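Quick note: the coordinates plus some simple rules give every number you see, no bench work behind them. It should be emphasised that the depicted structure is a prediction, and the values quoted were computed from it without experimental measurement. Every residue, glycine among them, receives a Cβ derived from its backbone with ideal geometry; neighbour counts consider all protein chains shown.
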Amino acid sequence: MTGYTCLWEFLVDPKGEAQFVEHYGPEGTWVRLFKQAEGFIETRLLKDKDRPGRYVTIDRWLSLSAYEAFRERFAQAYAALDRRCEDLTQSETSLGAFHDL
């Protein structure tokens, strides 16, 4: 099966939105980490037009196996970046992972 997408919702304090976007945007710190892995396609960052501070990320991979290989190979770097960014958000919620049809 091909095409694998992870969706995340973030609630961000409006005062910290610029810094959040620096890390989670399409050219941000997370994307720079993802780009080191084979099979990464793109990250999209969406900002809710009606709810200030609410964002959704869409991380696209060629396949579930590409994503899993990334998570295994870059586990330490992922955990370190996650710790570095945890104070940027009020909450972080997985909206699920999906396969392309």
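Below are the figures for this structure:
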quantity: Whole-Hz ³J(HN,Hα) from phi, Karplus 6.51 cos²θ - 1.76 cosθ + 1.60, for region 4-18, glycine and proline x; calculated: 9, 10, 10, 10, 10, 10, 10, 10, 10, 4, x, 5, x, 4, 4
quantity: All aspartates and glutamates inside 18 Å of Lys35 as judged from Cα atoms, apart from same-chain residues fewer than 8 positions distant; calculated: Glu22, Glu27, Asp59, Glu68, Glu72, Asp82
quantity: Entry for Kirkwood radius over Cα pairs in Å (calculated from the structure that is shown) out of (i) 13.1; (ii) 14.9; (iii) 13.9; calculated: (iii)
quantity: Rounded to whole Hz, the Karplus (6.51, -1.76, 1.60) HN-Hα couplings of region 30-35, x for glycine and proline; calculated: 5, 5, 4, 5, 4, 5
quantity: For the chain, size of Cβ-based charge dipole, Lys and Arg +1, Asp and Glu -1, in debye; calculated: 120
quantity: Residue-averaged [θ]222 nm for the chain, counting only DSSP H segments that reach four residues, each worth -39500 (n - 2.57); calculated: -9500 deg cm²/dmol
quantity: Relative contact order of the chain, defined on C-alpha pairs under 8 angstrom at six or more residues apart (%); calculated: 47
quantity: Whichever lysines have a C-alpha closer than 23 Å to that of Lys15, once near sequence neighbours (fewer than 8 apart) are set aside; calculated: Lys47, Lys49
quantity: Hypothetical label at Glu9: residues of region 44-85 whose amide nitrogen lies under 12 Å (7 Å Cα-Cβ projection); calculated: 48, 51, 54-57
quantity: Backbone HN-Hα couplings from phi across region 55-71 [Karplus 6.51/-1.76/1.60, Hz, Gly and Pro as x]; calculated: 10, 10, 9, 10, 9, 10, 10, 5, 6, 4, 5, 5, 5, 4, 5, 4, 4
